[in-house]
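Accompanying notes for the structure given below.
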Amino acid sequence: DDIGMILVDVRMPFMDGHEATRRIREHEQGLKGNEKESGKRRVPIVALSGNAEYTDKEEAKKAGMDEYLTKPYSLSSLQYVFVKYGLMEKEKN
């Protein structure tokens, strides 16, 4: 039942990706006090954005996002992130 990874668009209506990520991280921190949940790993959160500016990437990192992909992103960059976090094996050529 574990969530492997969260892909979040940085610019969403009602609540942007930064705020959504902050709330997820706060929720994770709250669970750490729960004995049953304390062993769970931090869920990787990947920002998806049309902006490639360094400041945008830094803002995402400060919000608690682990990776930052600029749209349009390639299949290989998405696969890289999945492999990095152990959600798929690296393809052998």
Among all stretches of the chain without exposed GluC sites (Glu not before Pro) (DSSP loop, at most 16 other Cβ atoms within 10 Å), which one is longest? 54-88
Over 31 Å (Cα to Cα) - which of Lys32/Lys62; Lys32/Lys92; Lys62/Lys92 fall in this group: Lys32/Lys92; Lys62/Lys92
Residue among Leu75, Ala52, Gly86 farthest towards the positive dipole end of the chain, charges placed on Cβ: Gly86
With a 1.4 Å probe and all protein chains kept in place, how much accessible area does Tyr85 have, in Å² rounded to the nearest 10? 70 Å²
With at most 13 neighbouring Cβ atoms within 10 Å, loop trypsin sites (Lys or Arg not before Pro) (DSSP) excluded, longest segment of the chain: 43-89
Note down the net charge around Tyr80, summing +1 for each Lys or Arg and -1 for each Asp or Glu among other residues with Cβ under 11 Å from its Cβ. 0
With just the Cα atoms defining each centre, how far is the stretch 44-93 from the stretch 1-23? Give it in Å. 13 Å
Grab the DSSP H runs of the chain that are 4 residues or longer, score each as -39,500 (n - 2.57), total them, divide by all residues and round the 222 nm result to the nearest 500 deg cm²/dmol. -12000 deg cm²/dmol
When only the heavy atoms of the protein chains count and the probe is 1.4 Å, how do Leu87, Leu69, Leu75 rank by accessible area, highest first? Leu75, Leu87, Leu69
With charges set only on the Cβ (+1 for Lys and Arg, -1 for Asp and Glu), what does the dipole of the stretch 21-93 come to about its Cα centre, in debye to the nearest 20? 200 debye
Using a/c under 1.5 as the rounded threshold, could you call the stretch 51-93 rounded, prolate or oblate? The axes a ≥ b ≥ c are square roots of the C-alpha gyration tensor eigenvalues, and prolate needs a/b larger than b/c, oblate otherwise. oblate
Calculated P(r) over Cα pairs in 10 Å bins from 0, in percent (choose from (1) 14, 34, 31, 17, 3; (2) 16, 46, 28, 10, 1; (3) 15, 43, 31, 9, 1), label: (3)
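The values are calculated or read from the model by the stated rules, or taken from the named source; none is laboratory data. Fair warning: this is a prediction, and the values are worked out from it, not measured in the lab. Positions of Cβ are generated from backbone atoms using ideal geometry, with glycine treated the same way; all protein chains shown enter the neighbour counts. For accessibility, only protein heavy atoms count, side chains too; no ligands or nucleic acids. Shrake-Rupley method; radii C 1.70, N 1.55, O 1.52, S 1.80 Å.
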